[in-house]
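The structure appears right after this line, and notes come after that.
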Amino acid sequence: MSHVVVIGCGVVGAAIAFELSRVPGLQVTAIDRQHPGQGATSAALGVLMGAISQKVKGRAWQLRHQSMQRYETLIPELEALTQKKIPFNRQGILKLCFAGENMSKWEELAQLRESQGLPLKILHPGEVRSQYPQLGNLDTLIAAVYSPSDRQVHPVLLTQALVEAAQCHEVKFQFDVTVEGFKTVAGENSTQSVTVVQTNRGDLTADWLVVAAGLGSTPLTAELQQPVSVTPVLGQALQLRLSHPLGNPDCQPVITGDDVHIVPCVDSGLTESMDYWVGATVEFPREFPLTAIAADESLLEEVWQRAIAFCPDLAKATIVRKWSGLRPRPQEQSAPVLGPMPGYDNVLLATGHYRNGVLLAPATAIAIRDVIVGKI
């Protein structure tokens, strides 16, 4: 039996724990200093931009494509194990394009995606207004791109379902746990191996260590003398409630444009009203430590006003809640930081996903699983 310790239980860590739980011969323990999904995951909108992404090759596209494929099997698998519904919007994503947008790149992308079995539909302004009457008179709108194969999922409920499903497969979880250090031994070829994770609640034996701690990854990797710099980017969002759905209640895609997302809460359970998430800001804080970082309310107001410009009925909405969170952005390398830690035989990194943690969680989990399975 090989012991795997996963540090971090946001959506990425929870997805890794669940994927590893399906591998015979592994004893998996996942730990976090908070409860599941309380870090960057809690700030995410869960918009899964796969086919509509301009990423067309290399690792960036492969991870997206693999994640989107896995989501189609993962959600029903989790729902069957937990007997709980996970809000998963299959109505696609509508991307608004404004004056100055290079439409030739979208036409090229549409041709490529058609060959991949992931069709994109380019709509002219008249079609947009006809099919999506909730949109206002957007003078600078020149087109829209509709992706029926892209999705949106509730990040926190997904994370909780991953934890519960992993527990069904005997994964152990420990929350409110602080890592205090590591014990290592010399490995082969001048490398080291972590043998024990020391925590405030006792030692954990580790044949494999997976660091999926988001912003917490920087001090953990520094403790192992291989620091990975992950810095915070703050994001804010709104939950709004309307007395009626925007447009056709049977066709509620995510609407995105000018870096603003309008996300329908399609499985909210409401019968006489409908909720929408609106976000998110992108703020690069200058204050440290993390506990001192404050959200700029004027930036959230600006996002809301841009959303109202898209869908004027949002001006009539009631604010249910506001929230914010810090996303982990790696420095001097592309996101995410995924793969073996240099200098160690048994330490894997799965961190720094920035704004794509929810999108890339399934593919990240598969990548970590494949490394471990290949060596046991």
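Tabulated values for the structure
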| quantity | calculated |
| --- | --- |
| The one condition in (1) over 21 Å from the mean Cα position of the chain (by Cα); (2) under 17 Å from GLY37 (Cα atoms); (3) not small (Gly, Ala, Ser) that LEU314 fails to fulfil | (2) |
| Some residue of the range 125-133 being hydrophobic (A, V, I, L, M, F, W, C) and closer than 15 Å to THR256 by Cβ | yes |
| Hits in the range 210-231 - residues which are surrounded by fewer than 19 Cβ atoms within 10 Å (Cβ to Cβ), more than 13 Å from PRO330 (Cβ to Cβ) and touching a residue at least 24 places away in the same chain (Cβ under 8 Å) | GLU223, GLN225, GLN226 |
| Residues (open to solvent by less than 40 Å² (accessible area, probe 1.4 Å), within 17 Å of PRO342 (Cβ to Cβ) and not hydrophobic (A, V, I, L, M, F, W, C)) located in the range 173-200 | GLY187, THR191, SER193 |
| Residue within the range 320-329 that is touching a residue at least 24 places away in the same chain (Cβ under 8 Å), over 21 Å from ILE262 (Cβ atoms) and basic (Lys, Arg) present | yes |
| Hits in the range 127-166 (condition: part of a strand (DSSP E or B) and open to solvent by 60 Å² or more (accessible area, probe 1.4 Å)) | ILE142 |
| GLN66 vs. criteria part of a strand (DSSP E or B), polar (S, T, N, Q) and surrounded by fewer than 21 Cβ atoms within 10 Å (Cβ to Cβ) | no |
| Test for GLU302: is it surrounded by fewer than 22 Cβ atoms within 10 Å (Cβ to Cβ), under 24 Å from the mean Cα position of the chain (by Cα) and more than 29 Å from THR218 (Cβ to Cβ) | yes |
| Leading residue by the ranking (farthest from ASN356 (Cα to Cα)) among those in the range 5-36 that are in a strand (DSSP E or B), open to solvent by less than 20 Å² (accessible area, probe 1.4 Å) and touching a helix residue (DSSP H, G or I) at 6+ places or on another chain (Cβ under 6 Å) | VAL28 |
| Any hit, the range 89-111, residues being without any contact (Cβ under 8 Å) to a residue 60 or more places away in the chain, more than 24 Å from PRO249 (Cβ to Cβ) and in a strand (DSSP E or B) | no |
| From the options GLU107, GLU77, residue that is among the charged types (D, E, K, R) and closer than 30 Å to GLY257 by Cβ | GLU107 |
| Residue check, ILE122 open to solvent by 10 Å² or more (accessible area, probe 1.4 Å), hydrophobic (A, V, I, L, M, F, W, C), over 24 Å from the mean Cα position of the chain (by Cα) and over 24 Å from LEU314 (Cβ atoms) | yes |
| Hits in the range 237-255 - residues which are closer than 13 Å to LEU45 by Cα and open to solvent by 10 Å² or more (accessible area, probe 1.4 Å) | GLN239 |
| Positions within the range 257-269 being buried (at least 22 other Cβ atoms within 10 Å of the Cβ) and out of contact with any helix residue (DSSP H, G or I) (no Cβ under 8 Å at 6 or more places or on another chain), in sequence order | HIS261, VAL263, PRO264 |
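The values are calculated or read from the model by the stated rules, or taken from the named source; none is laboratory data. Being a predicted model, the structure only gives us computed values, none of them experimental. With ideal geometry, Cβ positions are generated from the backbone for all residues, glycine too; neighbour counts draw on all protein chains shown. Side chains are part of the model used for accessible areas, which takes the heavy atoms of the whole protein and leaves out ligands, DNA and RNA. Shrake-Rupley method; radii C 1.70, N 1.55, O 1.52, S 1.80 Å.
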